[in-house]
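A short worksheet on the structure shown next.
The values are calculated or read from the model by the stated rules, or taken from the named source; none is laboratory data. From a predicted model like this one, the values you see are computed outputs, not experimental measurements. We place every Cβ from the backbone using ideal geometry, glycine too, and count neighbours over all the protein chains shown.
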Amino acid sequence: MHANASRSVEVDFLRGVVLIVIALDHIPASVISHITLHVYAYCDAAEVFVFLGGYASAAAYCVMTARGSAAHAMRRFLRRAFEIYRAYLLTAGAMLLAGLGMLALRIHPASLPYTDAPDLLAAPLHALFDIVTLRRQPYLAAVLPMYVVFALCTPAVAPFARKHPISTLAASIALWANAPALAHLLPSADPIGWSFNPWAWQLMFVLGMLCRLHPIPAAFQASRTGWSLSGLALATALAFAAFKLWGQGHPEPGEMKQHLAAIRVVSFISIAWLIAQLVRIGWVGALARALPHVVTVGRHGLVCFVSGTGLSIAADVALHAAEPTFLTHQQAFAAALSVDILTIAAVLGIAVAAAALKAQRPVAARSSNADVMLAARAGEAQRGR
């Protein structure tokens, strides 16, 4: 990944893959989710997405300040925070509708309580107020409030991280270490707190920013020390995979993900280093060129994330509603795999449509400006008569 590039096709490709995986991982009956990252590692697509979000935010900040000023960058990130908050409200609304649909169909998947639909029926105004003020974050919308915080903080953190990387990393680690104790400072109607504690998850975001602002030289990665680190990362990843597959007999506690446990950080770093080597030797770039629509998904992350959450919950409802009609395990497997394929196709289609609409906006703006100019000239001519 080049330090001077305003946009990395490898990063966009990886973001696209992660967005597709996030959609699949939230379909409980998904077939493909049985081979995604969370099965083999103590981290999952969430860590990758937050890390790449930090990388992309730092890249965007560099471009904004190069073309304008720090004040311009601050305005842009404030606008971005509002866009993410708006996406959060949209996603929360989709979760509520999905929960109400589950209740109407009289199906009760494990995700039903997390949609907050039962609480909405019990106290509508109170539930809606809690959602708007982030005290209540329905199911798959829960990751977005954390991104609102990160977008607001980026204009302050990015310039400091650019000048003082070691101090930034030390402060981030200190904040992460104390994150469970700080969780109660966040507004929450749930005694457990936010599903994603931003005091902890900022570490992933900051690591992504630092990798963009202070990239590790390719020469070091290819050196003897780099190869030793690659060997250590591979051994760590394989050891974690072996234990996850054959040694762990119980699910991980929820607070491990909520507060970003140390084992998740180590697991992510080992995998991230290995992926960085694949980027360095060109394999990821080759995949990106072969699968351009996945790159398009990565370049329209917010749209695809919100759409993906809706697709995930719709797939869950559909599979639960149809479950009693299946006579064999083979039929259920085929249906679940078909839903996976349709979900992937839908995310890709949404990304392509979003790209097409975005491409049309400048054309529409130019046409509108031309119409205004013609109208003005016509008015001048009419007045001249």
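Applying the criterion of being farther than 30 Å from residue 128 by Cβ and touching a residue at least 60 places away in the same chain (Cβ under 8 Å) to the residues of region 66-100, the residue that is surrounded by the fewest Cβ atoms within 10 Å (Cβ to Cβ) is 70.
Of the residues in region 6-16, how many are crowded, with 22+ Cβ neighbours inside 10 Å and of a type in the set (Lys, Arg)? Count: 1.
For the condition under 26 Å from residue 115 (Cβ atoms), in contact (Cβ under 8 Å) with a residue 12 or more places away in the chain, aliphatic (A, V, I, L, M) and buried (at least 16 other Cβ atoms within 10 Å of the Cβ), residue 336 qualifies.
Does residue 294 satisfy the criteria of being surrounded by 14 or more Cβ atoms within 10 Å (Cβ to Cβ), in a helix (DSSP H, G or I) and at pLDDT 95 or above? Yes; evaluated as a whole, the condition is true for this residue.
Evaluated against (1) loosely packed, with under 15 Cβ neighbours inside 10 Å; (2) of a type in the set (A, V, I, L, M, F, W, C); (3) more than 12 Å from residue 151 (Cβ to Cβ), residue 59 falls short on exactly one condition, (1). Among all residues of region 246-260, there is at least one that is of a type in the set (A, V, I, L, M, F, W, C), touching a residue at least 24 places away in the same chain (Cβ under 8 Å) and surrounded by 19 or more Cβ atoms within 10 Å (Cβ to Cβ). Total residues in region 34-59 satisfying the condition of being in contact (Cβ under 8 Å) with a residue 24 or more places away in the chain and more than 17 Å from residue 201 (Cα to Cα): the figure is 5. Is region 264-273 home to any residue that is of a type in the set (Lys, Arg) and either surrounded by fewer than 19 Cβ atoms within 10 Å (Cβ to Cβ) or within 28 Å of residue 105 (Cβ to Cβ) (or both)? No: region 264-273 contains no residue that is of a type in the set (Lys, Arg) and either surrounded by fewer than 19 Cβ atoms within 10 Å (Cβ to Cβ) or within 28 Å of residue 105 (Cβ to Cβ) (or both). The condition of being without any contact (Cβ under 8 Å) to a residue 60 or more places away in the chain and surrounded by 14 or more Cβ atoms within 10 Å (Cβ to Cβ) holds for only one of 232, 278, 238, 311, that being 278. Quick one: is residue 150 part of a helix (DSSP H, G or I) and without any contact (Cβ under 8 Å) to a residue 24 or more places away in the chain? No; evaluated as a whole, the condition is false for this residue.
Residue by residue, here is whether (1) assigned to a helix (DSSP H, G or I); (2) over 33 Å from the mean Cα position of the chain (by Cα); (3) under 26 Å from residue 8 (Cβ atoms); (4) at pLDDT 95 or above holds:
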{"site": "311", "(1), (2), (3), (4)": "yes, no, no, no"}
{"site": "324", "(1), (2), (3), (4)": "yes, yes, no, no"}
{"site": "327", "(1), (2), (3), (4)": "no, yes, no, no"}
{"site": "333", "(1), (2), (3), (4)": "yes, no, no, no"}
{"site": "367", "(1), (2), (3), (4)": "yes, yes, no, no"}
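Exactly one residue among 24, 37, 19, 52 is more than 29 Å from residue 318 (Cβ to Cβ) and crowded, with 19+ Cβ neighbours inside 10 Å, and that residue is 52.
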